[in-house]
Amino acid sequence: MKKIFVISMMTLAFAGFGYQSVEADTSGNGTANINVTAPSTDSFYLETYPSFDFGTAKNNVKQLTAGGDKPYTVVDLRGGSSGYQIQVKVDDFIAADGSNKTLPVTDFMISIGDSTNTSIQGSSLINVYNQNGTVLSAGVNTNGLSVSGGTSAKLDLKNATGLATGVQYNATITHSLVDGIGN
């Protein structure tokens with residue numbers, strides 16, 4: 001038994017002298033590719049638009065103001081576009097209590113700030129009550145994601161005296177993105 005052990009140890013010792021070091025490449029270069037195209041659908045749309053909350057007012061107030069809850073955000077991935085506008089229309093303010101009373105509104109004026117990179121131009125005090133009004137425009141080749149400046153609104157009432165208290169009035173605001181009318 002002792003002889004076999006010694007021979008086995010000797011074989012291992014001599015085998016170690018014949019060992020050669022082989023090194024493999026530790027780095028290499030590969031590639032990554034992507035082809036980017038505009039989507040065939042949803043390449044031009046209004047992503048965000050403001051709503052306005054005038055809060056609670058006394059029944060003798062003739063003018064209210066409110067800041068919009070968000071700016072306008074337009075996505076235009078068409079490339080080489082012909083510009084666009086955003087037109088807004090505010091419908092009648094109807095009592096939410098089921099009485100169908102209408103708030104005596106004379107004007108609903110919207111103001112929109114320019115984008116920080118001036119890709120889109122806002123407007124000031126555009127009356128959009130029961131009529132379309134252009135509140136924002138973008139020139140040709142305004143592509144990608146565009147965000148307006150701040151948004152605000154002013155509501156003028158004909159005669160607020162005698163309005164029922166504790167009644168909420170709601171109106172629908174329609175924001176339309178119109179293609180091809182840029183500067």
Points 7 angstrom from Cα along the Cβ direction at residue 45 and residue 167: gap in nanometres? 3.8 nm
Rounded to the nearest 10 Å², the accessible area of residue 151 using a 1.4 Å probe with every protein chain kept is 20 Å²
If 154, 58 are ordered by their accessible area, calculated over protein heavy atoms with a 1.4 Å probe, which sequence runs from highest to lowest? 58, 154
Obtain the nm distance between the two label points defined at residue 54 and residue 114 by a simple spin-label model: each point lies 7 Å from its Cα along the Cα-to-C-beta direction. 3.0 nm
So, relative contact order of segment 109-178 in percent, Cα under 8 Å, 6 or more apart, is 33 percent
Net charge of Cβ neighbours under 15 Å - reference residue 126; Lys, Arg +1; Asp, Glu -1: -1
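The values are calculated or read from the model by the stated rules, or taken from the named source; none is laboratory data. None of these values were measured; they are calculated from a predicted model. Glycine gets a Cβ as well: all are built from the backbone with ideal geometry, and neighbour counts include every protein chain shown. What goes into the accessible areas is simple: the full protein's heavy atoms, side chains included, and nothing from ligands, DNA or RNA. Shrake-Rupley method; radii C 1.70, N 1.55, O 1.52, S 1.80 Å.
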